[in-house]
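Notes to accompany the following structure.
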Amino acid sequence: MPARPFIHLVKTPLYFYFYEVNKNVLVRIEERLYDYLKNVLSDTQDDLQTNPEMEEKIDQLKRQGYLSAERPLKIEHPYVKSLPYQLSRNIAQMTLQLTQNCNFRCAYCVYGGSDLGTQRGHSSKKMNLETAYACIDFLREHSRDQEMVCIGFYGGEPLLELEMIRKLIPYAKKKFEGKNLKFTITTNGSLLTKEVAKYLYDHGVSIVVSLDGPKEIQDRSRRFAADGRGTFDTIRNNLEEIQREYPEVYRSLNVNTVVDPRNQLERIYDLFDHDPIFSNLAAHMSMVASDYSVEQVAVTDKFAIGENKEQFKAYMSLLGRYPKKNVSRLTSSAILHQMDRFVKDMGKTRIFKTMAPGGPCIPGQKRLFVSSDGTFFPCERVSETSQAMKIGDIKTGFDIEAAARLLNIGALTQDECKNCWAIANCMICARQCDNGGELSREFKRSHCRDTKRQVHENLLNYLLLQELREEMHGKERSGRQ
């Protein structure tokens, strides 16, 4: 039996395609060939009735370089060998956990003192100034080949340590003199007074404010630790004062909306589309991390239907078939970001004898996270209690072997990855393989179905946009004739 082609079949309401894994491209075919290839790919291939006409079409496509059966022979990340260089000279960003303390207590917060054991709890631990200076020195020494370097301030709530930030910024600017240096801070917004915002803006700090949504949603989940009060009014008042007193600072702000799927999307959309304080700010969405969340967070049917409806409106608006003003900014920006990332990679990937799934970034190189005690983690989204996620510390430097294990998580599922049509577009990272202390093959496999479903949906959305554009252009040409 000949080797099966390394493809994935996709159909839209209008046309039929196969996704050529080796070329990372989509090829439109007729329905009969689609059905024939479906049988070729099935487990009952032995019972396939040969069709000379279809075989000729297949041979023709093969002569054009399609329908290759080539698969990777070994799953290994190409950057494993260059990891020592990446971590010694090419770090792009370092995020400093200035404190583990926070003046909020969010219902779903991973640091909220749960018994899950998947993360640390809130504490009074904070990074001392000596460690923070040492981190900046370390970044300067290990980013020599980077043209632009970023330092992030993180918590807990980093603005609880504003005085430390005031010392670190000039220290870093002096250390990185002559290099393009940027700063970022992620804050809950409660301590972001107009004076603080102006200081951060004047010193080149990009500000991201985390917010759940309008008052009833924000106050239900995000409350002050001291007295349990809701937090929305405080944040909105801060932003209103910044807008009034320092409009240039206000325009530079970004909002990250942490979406809990148990809430009403329509109310969240309404805030960012119609509230005069939030409708003029750059905003994007991120979902509550269900794998590390204190509460069980599952997407309900109602939420999924609402999300799909809004996405459909956004796609139609991109084609000029639906008023853009009636589409949520959050959805439009999310779709544009997703499609831009997807489209730019189309046609650029080919299967190599040795390769890896597309998910993992280079641990520590892209956004090295340093906890308050100086421990290194690949980013701020992993568990700080997991030994598997630790990749060194400020005193001893990087643990290259530990970082290599996180980079090379494809090795956990060698056989599955070699034969997975979604390998080039896989989004699984080391965080999703962590069972609390070691990298787990079963944990990684548990994400495969959802990942392939998401890649399939990306392919469908891409094709639907292309088809609708073709239809519109066709009607325009007919009208001109």
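Nothing in this text is a laboratory measurement; each read-out follows from the coordinates by a stated rule. Since the model is a prediction, treat every value here as computed from it, not as a measurement. Heads up, the Cβs are rebuilt from the backbone with ideal geometry, glycines too, and the neighbour counts pull from every protein chain shown.
With the biggest extent put first, the Cα atoms of region 1-70 measure 28, 28, 22 Å across the principal axes. Couplings for region 390-403, taken from phi via the Karplus curve 6.51 cos²θ - 1.76 cosθ + 1.60 with θ = phi - 60°, read 7, 10, x, 7, 5, 7, 9, x, 6, 9, 4, 5, 5, 5 Hz in order; Gly and Pro are left as x. All C-alpha to C-alpha distances of region 2-41, sorted into 5 Å bins beginning at zero, yield P(r) values of 6, 24, 35, 23, 9, 1, 0 percent in whole numbers.
Dividing the C-alpha radius of gyration of the chain by 2.2 N^0.38 Å, with N its residue count, gives 1.09. Listed by chain and number, the aspartates and glutamates whose alpha-carbon sits under 14 Å from that of Lys418, ignoring those within fewer than 8 places in the same chain, are Glu70, Glu76.
The H on the amide N of Gly152, modeled in the peptide plane, is under 5 Å from the matching H of Met94, Thr95, Leu96, Thr184, each at least 5 residues off or on a different chain. Charged neighbours of Leu37, selected by a Cβ distance under 12 Å, balance to 0 (K, R count +1; D, E count -1). The distance between label points at Ala304 and Asn254 comes to 3.1 nm (points 7 Å beyond Cα on the Cα→Cβ vector).
Packing order of peptides 428-434, 272-278, highest average first: 428-434, 272-278 (average count of other Cβ atoms within 10 Å over each peptide's residues). For region 138-145, the Karplus equation 6.51 cos²θ - 1.76 cosθ + 1.60, evaluated at θ = phi - 60°, returns couplings of 4, 5, 4, 6, 10, 10, 4, 9 Hz by residue, with Gly and Pro reported as x. Take every pair of alpha-carbon atoms less than 8 Å apart whose residues are at least six positions apart; their mean separation over the length of region 357-481 yields a relative contact order of 24 percent. Taking a straight line from the alpha carbon of Lys325, these lysines sit under 19 Å away, with near neighbours fewer than eight places off in the same chain left out: Lys309, Lys313.
Contact order for the chain, expressed relative to its length and based on alpha carbon pairs under 8 Å spaced 6+ residues apart, stands at 18 percent.
Close amide-amide hydrogen proximity is noted between Arg223 and Arg105, Cys106, Ala107, each under 5 Å apart and 5 or more residues distant or on a separate chain (H modeled in the peptide plane; Pro and chain starts excluded). Sorting Ser279, Ser386 from the fewest to the most surrounding beta carbons within 10 angstrom yields Ser279, Ser386. Radius of gyration (Cα atoms) of region 169-225, expressed as a multiple of 2.2 N^0.38 Å: 1.48. Mean sequence separation of contacting Cα pairs (under 8 Å, at least six apart), scaled by the length of region 83-355, corresponds to a relative contact order of 16 percent. Taking label points 7 Å from Cα along the Cα-to-Cβ direction, Asp145 and Gln49 give a separation of 5.9 nm. By the Cβ distance rule of under 4.7 Å, the chain has these cysteines without a partner: Cys102, Cys135, Cys150, Cys361, Cys379, Cys417, Cys420, Cys426, Cys429, Cys433, Cys448.
With r defined as the distance between the Cβ atoms of Leu191 and Gln387 and R0 fixed at 30 Å, what FRET efficiency is calculated, to the nearest 0.05? E between Leu191 and Gln387, to the nearest 0.05, is 0.35. The protection proxy used here, the mean number of other Cβ atoms lying within 10 Å of each residue, ranks peptides 310-323, 146-159 as follows, highest first: 146-159, 310-323. Each of Glu20, Glu248, Glu240 was scored by other Cβ atoms within 10 Å of its Cβ. Arranged with the fewest first, they read Glu248, Glu240, Glu20. To the nearest ten degrees, helix 162-175 and the longest principal axis of the Cα atoms of the chain are 70 degrees apart.
A simple spin-label model places the labels of Arg28 and Thr354 4.1 nm from each other, with each point 7 Å out along Cα-to-Cβ. Close amide H pairs (under 5 Å, H built 1.01 Å from N) link Ile29 with Phe16, Tyr17, Phe18, residues at least 5 positions away or on another chain. Pairwise alpha-carbon distances in region 31-93 exceed 14 Å for 72% of all pairs. Taken one residue at a time, the phi angles of region 354-368 give Karplus couplings (6.51, -1.76, 1.60, θ = phi - 60°) of 10, 7, 8, x, x, x, x, 8, 6, x, x, 7, 7, 7, 4 Hz. Gly and Pro are set to x. Close Lys pairs in region 137-236, defined as Cα atoms under 28 Å apart and 8 or more places apart or on different chains, number 17.
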